[in-house]
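Reading through the structure tokens given below for one structure.
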Amino acid sequence: MIGPSLVFFFIKYNLWSSIYNGTQDLIIQGYSFSQMINYHAWSLVVSLIAGGYASHNLAEDIRMGRISTYLIYPFNFWEFHTASFISFQFLQTFISGITILSIFLLGIFESITLVTLFNGYIFCFLVSLMWFTLQYMTGILSFWLEETWILRVLLQIMSAFLSGAILPLELYPAWAVKILNYTPFPYLSYYPIKIFQGKLPLLTTAPLIIIGWTILFALINKLIWKRGMKLYTAAGM
């Protein structure tokens, strides 16, 4: 799913090119133009590794009544979609590797070390698990909602603005950043970007916060699934 991420990157490139207007000496909250493009190039890589689109299929399976088939399969609904998510992540990891190499050859990534790459991929994998459980939640709300695409769009917009994917968090007020650090959003983009850049270590409280949010979302999903199955009816089995 590199297409939307790539288009988003070029939009941001054009936006920041207009803001800096070719002024090489202009510094915005510690970012020169090349540093800003470097930040958003890593944002592109993070979106490839950590982003997922599982909830659309989840919602369709429930709305179309296809989850009935999982009741007679040797694997359940959760196992099937988790396996799909893991296989999708392998593909995205491969694509992200090619993307990093391409951007490096363009000269946007001036220096990359194996340590920062390893740390970044480990962190992004944790983020992808959290994002999957969050998307899973919006998907299984189809037990009560006819369409969940509005929730998906709202979640995408909120995560884009609050995660640092559009604006680095240094451009936000300090009080807003303090509040955001208590939410899952900055860990979706800003933190993995900084780890890839080597500006933050992997072993901080951030991985523990992500694991905590993932466990919380998984427990909520389990509760929603149990309540949803009590409402679910199927015919023709």
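The values are calculated or read from the model by the stated rules, or taken from the named source; none is laboratory data. Note that this is a predicted model, so its numbers are computed, not measured. Note that we place each Cβ from the backbone using ideal geometry, even for glycine, and neighbour counts take in every protein chain shown. Accessible surface is based on the protein model in full, side chains and every heavy atom, while ligands, DNA and RNA are left aside. Shrake-Rupley method; radii C 1.70, N 1.55, O 1.52, S 1.80 Å.
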Considering only residues that are open to solvent by less than 50 Å² (accessible area, probe 1.4 Å), of a type outside the set (Ser, Thr, Tyr) and within 23 Å of LEU223 (Cβ to Cβ), look in the stretch 153-184 and name the one that is modelled with the highest pLDDT.
PRO184
Working only within the stretch 1-27, note down all residues that are among the hydrophobic types (A, V, I, L, M, F, W, C) and open to solvent by 40 Å² or more (accessible area, probe 1.4 Å).
MET1, ILE2, LEU6, VAL7, PHE8, PHE10, ILE11, LEU15, ILE19, LEU26, ILE27
If SER68 passes every condition in (1) part of a helix (DSSP H, G or I); (2) at pLDDT 80 or above; (3) small (Gly, Ala, Ser) but one, which one does it miss?
(2)
Which pairs turn up if I take residues in the stretch 67-92 that are under 16 Å from TRP131 (Cβ atoms) and open to solvent by less than 50 Å² (accessible area, probe 1.4 Å) and look for partners that are modelled with pLDDT under 75 and not in a helix (DSSP H, G or I) with beta carbon separation below 7 Å, at least 6 apart in sequence or on another chain?
PHE85/GLY52
Are any residues in the stretch 22-33 touching a helix residue (DSSP H, G or I) at 6+ places or on another chain (Cβ under 9 Å), farther than 16 Å from LEU169 by Cβ and in a loop (DSSP other than H, G, I, E, B), and if so, which ones?
GLY22, THR23, GLN24, LEU26, ILE27, SER32
Identify, from the list ILE140, ILE112, ILE150, ILE98, the residue that is out of contact with any Cys (no Cβ under 6 Å at 6 or more places or on another chain) and at pLDDT 85 or above.
ILE98
